[in-house]
Amino acid sequence: MSQDTEPKRAVDAEATAVSATATPKVDIEKTGTETTDTEKTAPRAEAPAAKTVSLKLSTLGLMAAAAVLLIAVVTTTSLWLSARGDVRDSEAAVADDKHAEQVATDYAMGAANLNYADFNAWTARLKANTTPTLAGKFDATSSKLQEILVPLKWTSSPTLLSSQVITRDNGVYKVNVYLNVNSTNAQNPDGVLTTIYYTVNVDPKNDWKVTDVGGIDLPLPKQ
């Protein structure tokens, strides 16, 4: 029994030594399986979702209506401002016409009011609110007029009929002033009624002064 036992122990010891020094066996299939399972269970990075904006049809309709309303308001405001400017311009033009007519009327009424006994007052009215050039013309002719009118004992008194701007030439207003004038003189002491008109030029750029004047007598039957 002792002989059989010893050799067996030697073999067992050698087998143990070989087993201890042998390279461990790696289960490749299992490792591969585990790696695959890990890949399957690991969370994946997801691509960012595209942002979308949704609007109801009613909202779009309100936005369109608001845009149309805004355009209408802007257009109406522009038209209103333009019309307001036109009204201002029209009102200013009417006011200027009235002023020119008043200046011309004042001048014509003064020029048609004559009393031979106060000739110098009449010549002063002829030169009132006129340009120096026109006033100089009256100064040059007043003595000749005096020689005619004083001996005739001429008097005249006007009544205004109307006045009207007839043209605007280079900023100068040309105004016709219509008057009924009752005149007396040595030949017609009872008086003669005539309708005359003065054409008076008024320059607003020259402080609304009278730059020229002319008149035509329109004889009427005595009343």
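Remarks
- Going from the residue with the fewest nearby Cβ atoms within 10 Å to the one with the most, Leu149, Leu62 rank Leu62, Leu149.
- Projected label distance in nm at Arg88 and Lys137, using a 7 Å step from Cα toward the beta-carbon: 3.8
- Counting every other Cβ atom within 10 Å of each residue's Cβ, Val94, Val192, Val103 order from fewest to most as Val94, Val192, Val103.
- Between Asp207 and Lys144, the FRET efficiency estimated from the beta carbon spacing at R0 = 22 angstrom works out to 0.15.
- Among Val165, Val177, Val68, a tally of other beta-carbon atoms within 10 Å of each Cβ gives an order, fewest to most, of Val68, Val165, Val177.
- Working from label points 7 Å from Cα in the Cα-to-Cβ sense, the Asp118 to Thr75 distance is 6.7 nm.
- Leu193-Ala64 pseudo-label distance in nm [points 7 Å out on the Cα-to-Cβ vector]: 7.6
- Links that overshoot a 23 Å alpha carbon limit, given the list Lys144/Lys209; Lys98/Lys174; Lys98/Lys137: Lys144/Lys209; Lys98/Lys137
- The 3J(HN,Hα) values that the Karplus relation (6.51, -1.76, 1.60; θ = phi - 60°) gives for the range 147-157 are, in residue order, 5, 8, 7, 5, x, 7, 6, 7, 9, 8, 9 Hz. Gly and Pro appear as x.
- The range 180-194-the range 89-134 distance, computed between alpha-carbon centres (Å): 23
We did not get these values from a lab; they are worked out from the coordinates using the rules stated. Just so you know, these numbers come straight off a predicted model, no measurement behind them. Every residue, glycine as well, gets a Cβ built from its backbone with ideal geometry; the counts of neighbours run over all protein chains shown.
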